[in-house]
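J.: Right, I'll just put the structure down here and ask away after.
Every read-out reported here was derived from the displayed coordinates using simple, explicitly stated rules and does not represent laboratory data. All values reported here derive from a predicted model rather than from experimental measurement. All Cβ positions, glycine included, derive from the backbone under ideal geometry; neighbour counts span all protein chains shown.
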Amino acid sequence: MTADVYAGDEALRGKGGRQPRRVATFVIVADAQADLLLRVGVVLNLLNTLPRSVDLESRADGLAHVRACVDCEEIQAELIARKLRQLTAVRDVELRYGESPVNG
């Protein structure tokens, strides 16, 4: 079996123990453009895991608010937040990182 190092799969490399599940929540404010969700999705795809949830709200002021929750390591979350900030339409990215809900 092969470890997926990009998704943080360290169990197969002898690093042992199961890490507690953590969730990164990205709150993104950007210009409301037709391809915004696609651009955000491409960056989130670097985590190689399906997000728990993604919400997009387009507002009358021409801005869109995107909220995405993804299970990942903190260092991965920080990298993704930096990459999201580099998107031309993005005005702000807030990263919240904490414990995943047990039932989620």
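J.: Could you list, in sequence order, all residues of the stretch 69-93 that are part of a loop (DSSP other than H, G, I, E, B) and free of Cβ contacts under 8 Å to residues at least 60 places away in the same chain?
T.: Those that are part of a loop (DSSP other than H, G, I, E, B) and free of Cβ contacts under 8 Å to residues at least 60 places away in the same chain: 86, 87, 88, 89.
J.: Taking interchain pairs and intrachain pairs at least six residues apart, which have beta carbon atoms under 8 angstrom, with the first residue in the stretch 20-47 and more than 14 Å from residue 84 (Cα to Cα) and the second in a helix (DSSP H, G or I)?
T.: If the second residue must be in a helix (DSSP H, G or I), the pairs left are 22/74.
J.: Which residue is farthest from residue 81 (Cα to Cα), if the candidates are limited to the stretch 48-70 and must be out of contact with any Pro (no Cβ under 9 Å at 6 or more places or on another chain) and hydrophobic (A, V, I, L, M, F, W, C)?
T.: Here the residue is 60.
J.: Would you tally the residues in the stretch 23-68 being surrounded by 13 or more Cβ atoms within 10 Å (Cβ to Cβ), at negative phi and outside any strand (DSSP E or B)?
T.: We begin by selecting, within the stretch 23-68, every residue surrounded by 13 or more Cβ atoms within 10 Å (Cβ to Cβ); these are 23-33, 36-37, 39-41, 43-44, 46-49, 51-52, 54, 56, 58, 63-68.
Of the ones still in play, those that are also at negative phi are 23-33, 36-37, 39-41, 43-44, 46-47, 49, 51-52, 54, 56, 58, 63-68.
Those still in the list that are outside any strand (DSSP E or B) too: 32-33, 36-37, 39-41, 43-44, 46-47, 49, 51-52.
Qualifying residue count for the region: 14.
J.: Here's something else I'd like to know. For the stretch 58-75, what are the residues that are over 15 Å from residue 91 (Cα atoms) and not aliphatic (A, V, I, L, M)? I'd like the intermediate steps shown before the answer.
T.: Step one: of the stretch 58-75, the residues over 15 Å from residue 91 (Cα atoms) are 60, 68-75.
Result: 69, 71, 72, 73, 74.
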